[in-house]
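Undergrad: Dumping the structure here so I can ask a few things about it.
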Amino acid sequence: MTTPVLLTPVEARVLSTLMEKARTVPDSYPLTLNSLLLGCNQKTSREPLMELTEAEVSSAVDTLREAGLVHETTGGRTTKFTHNAQRGIGVPEQSAVLLGLLMLRGPQTAAELRLNAERWYRFADTSSVEGFLDELQERSEEKGGPLVIKLDRAPGAREQRWAHLLCGQVDASAAVASRMAAPGNADLQARVTQLETELADLRTTVQKLCAELGMSQPGQQ
């Protein structure tokens, strides 16, 4: 039986930041400790926001290295770090992407995850995201048990959100309350995300039609 992965919130932030930067800024990857610290403390695309110290990040890196989730690279004057999340957790690429986003941005709907994953991995549609989430939720105990949970629907929200379990069990009611107390209107954000997803689907359809008709795409000469 596989031992379940259990991280602290700081370790989850460090690991998911490495996962993000590996895909969004590959030219700057692997990351130095200072770059990793800056990424962990970003004010955008992070939920919750953190103000970690270099010592906290360094300690988390050491623990993740012992667990086989982070590797230290040699060569050059500065020590750099890479992640080994997909293999270390034992999930396919698409599932690793979803876990990374949930660790970075907190609970999200399948539509939000698809939109936020755009620079990490391009999912065909929202249903494919839901398929991988279902697999993560139904993961057998032999493989370490479930890695995500589907939260109760928040008041006024159209869709349920998902949360990761890499830091242990989630208080579903507290997660919903926290989301509702966050700045901004949760329902409005959900609607905006849905519209953005539908727009992306429409663009894909237009591109396919243009290709079939031998026409240039809108905005192209």
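The values are calculated or read from the model by the stated rules, or taken from the named source; none is laboratory data. Since this is a predicted model, take the numbers as computed values, not measurements. Every residue, glycine among them, receives a Cβ derived from its backbone with ideal geometry; neighbour counts consider all protein chains shown.
Undergrad: Name the single residue that is nearest to the chain's Cα centre (by Cα) among those in the range 116-160 being under 15 Å from Val97 (Cβ atoms) and of a type in the set (Lys, Arg).
TA: Arg119
Undergrad: May I pose another question? If you go through the range 53-78, how many residues are at pLDDT 95 or above, farther than 22 Å from Pro146 by Cα and assigned to a loop (DSSP other than H, G, I, E, B)?
TA: 1
Yes/no per residue for (1) surrounded by fewer than 19 Cβ atoms within 10 Å (Cβ to Cβ); (2) of a type in the set (Lys, Arg); (3) more than 14 Å from Thr82 (Cα to Cα):
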position: Pro4; (1), (2), (3): yes, no, yes
position: Asn34; (1), (2), (3): yes, no, no
position: Cys40; (1), (2), (3): no, no, yes
position: Pro48; (1), (2), (3): yes, no, yes
position: Glu54; (1), (2), (3): yes, no, yes
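Undergrad: When only residues in the range 4-29 that are under 23 Å from Gln94 (Cβ atoms) and in a loop (DSSP other than H, G, I, E, B) count, which is modelled with the lowest pLDDT?
TA: Pro4
Undergrad: Restricting the first residue to the range 33-44 and requiring it to be under 15 Å from Ser59 (Cβ atoms), which pairs with a second residue that is in a loop (DSSP other than H, G, I, E, B) and not aliphatic (A, V, I, L, M) meet a Cβ separation below 9 Å and a spacing of at least six or different chains?
TA: As it stands, the answer is Leu33/Thr78; Leu33/Thr79; Leu37/Thr53; Cys40/Arg46, since those pairs meet every condition given.
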